[in-house]
1. Given the rule -39500 (n - 2.57) for each run of at least 4 DSSP H residues, summed and divided by the residues of the chain, what is its mean residue ellipticity at 222 nm, to the nearest 500 deg cm²/dmol?
2. List every residue whose amide H lies under 5 Å from the amide H of LEU85, counting only residues 5 or more places away in sequence or on a different chain, with H placed 1.01 Å from N in the peptide plane.
3. Taking 0.36 nm per residue of separation and subtracting the Cα-Cα distance, what length does fully extending SER57 through LEU131 add?
4. Extending each Cα 7 Å along its Cβ direction at GLU139 and ARG196, get the distance between those two points in nm, one decimal.
5. Out of residues 5 or more away from ALA61 or on other chains, whose amide H comes under 5 Å of its own, with H placed 1.01 Å from N in the peptide plane?
6. Could you pull the Rg and Dmax for the chain, using just the Cα atoms, both in Å?
7. Which percentage, to the nearest 5, of the DSSP beta bridges contained in the chain is antiparallel?
8. Less than 17 Å from a label point 7 Å out along the Cα-to-Cβ axis of SER152: which backbone N atoms in the stretch 176-206 qualify, by residue?
Amino acid sequence: MNNFSGVNPSAGSRMDTSISGKRKMSDESGRCRVLIVEDDETIALNCVTFLEQRGHSVDVAYDGSAAIARLSSATFDVIVLDLGLPRVDGTQVLDQLRRQLGVAAAVLVLTARDELGTKLDCFSLGADDYLVKPFALAELEARVTALHRRASGAVVTDVVFAGSLRLDRRTRSVSVGEVPVRLAPRPMRILEHLLRDPGRVVPRSELESVLWPDVERDSDVLRSQVHLLRRALAEAGYAGLETVHGFGYRLRTD
Ligand code: CA
C-alpha cells in the first residue's frame, strides 16, 4: 500500500483498466449518492473513479466550505469526510452538517493515524463510521454500501437460496437440499458474492476484484476457482452455476 497517497494505488489502477463503466449495481444492491469531501485531489479522484465504476453516483468537494454549500443544495446517502481539510476542518463540517443543516446522511470519516484521538469526538458529533488512511478502495466501497444499506433499512437475511442451493451467511454453511457442501475459502467467497444477488450475471472482473482486490490475476486463476466451486456443488446435486461466455457467471435460481 502507498503510505503517501492514502489510497491503495494497485487497487485503483487495476480497477481503472479492468472494469468497464458498464458495470452498474442495481438500486436494490446498494447504489447510492455519495459526497466525497477531500482536499487531496489524487485521493478524491481515485475514490470517485472507483465508486462510479461500482455504479454509485459521486460528487466531490475539495474543502469544508464547498462541502457545506453542496450539502445545502443536494441530498446524499453517504458522505465520505476527510478530517484534515483546509480552512473549515472536517470536525467543523460534521458539526455544521448535523446541527445546522440537519443532514441525515451517513457519515464515514477518513482519518490519518495521528488523528485517531479525534475519532471519539467524531462519533459524538454524529459520524457513523471511520476509515484510517491509507485505505483500500474496495474497503471504502464496502463500508459506504454497508452504511447505505443500514440507513435505508434494507433487511439483510442470513439465509439465501438459489434453487436447491442454500447458504447460511451467519454460519457460512452451504448445502444443496439436505446435502452439506464443504468449500475452500476462495470458492466460498465466490459463492457468497454470487449469492448477494442470485440470478444476476456477475462479470469476471467483479469477482476478481472481490477475490484479489490488490493484485492483478490471470483470468485462469479465477476460472480454476470457479471450477472447484462448480464441481463441489455438482457433486452435491446442484448444476446451476453457469458460465456466461465472454462475460462472467451466474447461479440459476430455478
Ligand atoms: Ca486532507
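1. On the way: 9 runs with 101 residues, N = 254.
Estimated from H runs of four or more residues: -12000 deg cm²/dmol.
2. GLY90
3. Answer, rounded to one decimal: 24.6 nm.
4. 1.7 nm
5. Sorted by chain and number, the residues that satisfy this are ILE36, VAL37, GLU38.
6. Answer for the chain, Rg first and Dmax second: 20.0, 62 Å.
7. In the chain, DSSP labels about 45 percent of beta bridges as antiparallel.
8. Inside the label zone: 196-198, 200.
Computed from the coordinates by the stated procedures, all read-outs in this text should not be read as laboratory data. For clarity, every value in this text was computed on a predicted model and none was experimentally measured. When we count neighbours, we look across all protein chains shown, and the Cβ atoms used for this are built from the backbone with ideal geometry, even at glycine.
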